[in-house]
Amino acid sequence: MRCSKTLIVGIGNTLKGDDGVGPLVCEQLDGKIGAEVIDAGTVPENYIQPIIKKAPQNLFVIDAVDFGASPGTIKIFEPDQLDSFVISTHMLSPHVFVDMVCQSIKVDVSFLGIQPAQAEFGQSISPQVSRAIQELSHTLIEVFPLEK
């Protein structure tokens, strides 16, 4: 994978505890990674056209996904696996978001899901998910180092 053709998109709501994983990972990656990062927050649909214009070869989408594992577990999903798992606190489901991008450009998509402990409004991030955010951020920084 060439870093310049990789785009990482974080989705989630930081006001809802563990649902904020996507934006929190983006915050950790800011200025430390050789791939472009977009914090799409709760409105990934606002970033469909900018993503299409960038035409990345690889797209990584990071979000909280309830797949029945222990809180903080990180799992990679293919887009077609998302329908039965995704917590959708967003106006547009992540699967539909990815489908809309893929209809316009050829891109390899991976969905990085972190199992939340809770996603209640006004709650802070759980310790397990906080550790997972640090682990995932560290891994992505190693995989996509800044070019010197």
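Taking region 117-142 as the range and being touching a strand residue (DSSP E or B) at 6+ places or on another chain (Cβ under 7 Å) and at pLDDT below 95 as the test, only ALA119 passes. Looking only at region 1-30, count every residue that is under 15 Å from the mean Cα position of the chain (by Cα), among the hydroxyl-bearing types (Ser, Thr, Tyr) and either on the phi > 0 side of the Ramachandran plot or not in a loop (DSSP other than H, G, I, E, B) (or both) and tell me the total. Of the residues in that region, 1 qualify.
Considering region 9-27, the residues that are crowded, with 24+ Cβ neighbours inside 10 Å and touching a Leu at 6+ places or on another chain (Cβ under 8 Å) include one that is nearest to PHE60 (Cα to Cα), namely VAL9. Count, please, the residues in region 128-148 that happen to be crowded, with 17+ Cβ neighbours inside 10 Å and of a type in the set (Val, Ile, Thr). Of the residues in region 128-148, 2 are crowded, with 17+ Cβ neighbours inside 10 Å and of a type in the set (Val, Ile, Thr). Looking only at region 71-96, residues that are modelled with pLDDT of 95 or more and farther than 19 Å from VAL25 by Cα come to 0 in all. Please enumerate the residues belonging to region 26-41 that are touching an Asp or Glu at 6+ places or on another chain (Cβ under 9 Å) and either closer than 24 Å to SER126 by Cα or among the polar types (S, T, N, Q) (or both). Within region 26-41, CYS26, GLU27, ASP30, VAL37, ASP39 meet the criteria. Within region 31-85, being polar (S, T, N, Q) and part of a strand (DSSP E or B) holds for one residue alone: ASN58. In the condition set (1) in contact (Cβ under 8 Å) with a residue 40 or more places away in the chain; (2) in contact with a Phe, Trp or Tyr (Cβ under 7 Å, 6 or more places away or on another chain); (3) more than 14 Å from PRO145 (Cα to Cα); (4) among the β-branched types (Val, Ile, Thr), ILE38 is compliant with all but (1). Scanning region 93-127 for residues that are more than 17 Å from the chain's Cα centre (by Cα), part of a helix (DSSP H, G or I) and surrounded by 13 or more Cβ atoms within 10 Å (Cβ to Cβ) yields a single hit, SER104.
The values are calculated or read from the model by the stated rules, or taken from the named source; none is laboratory data. Not measured: the values here are computed from a predicted model. Cβ atoms come from the backbone with ideal geometry, glycine included; neighbour counts cover every protein chain shown.
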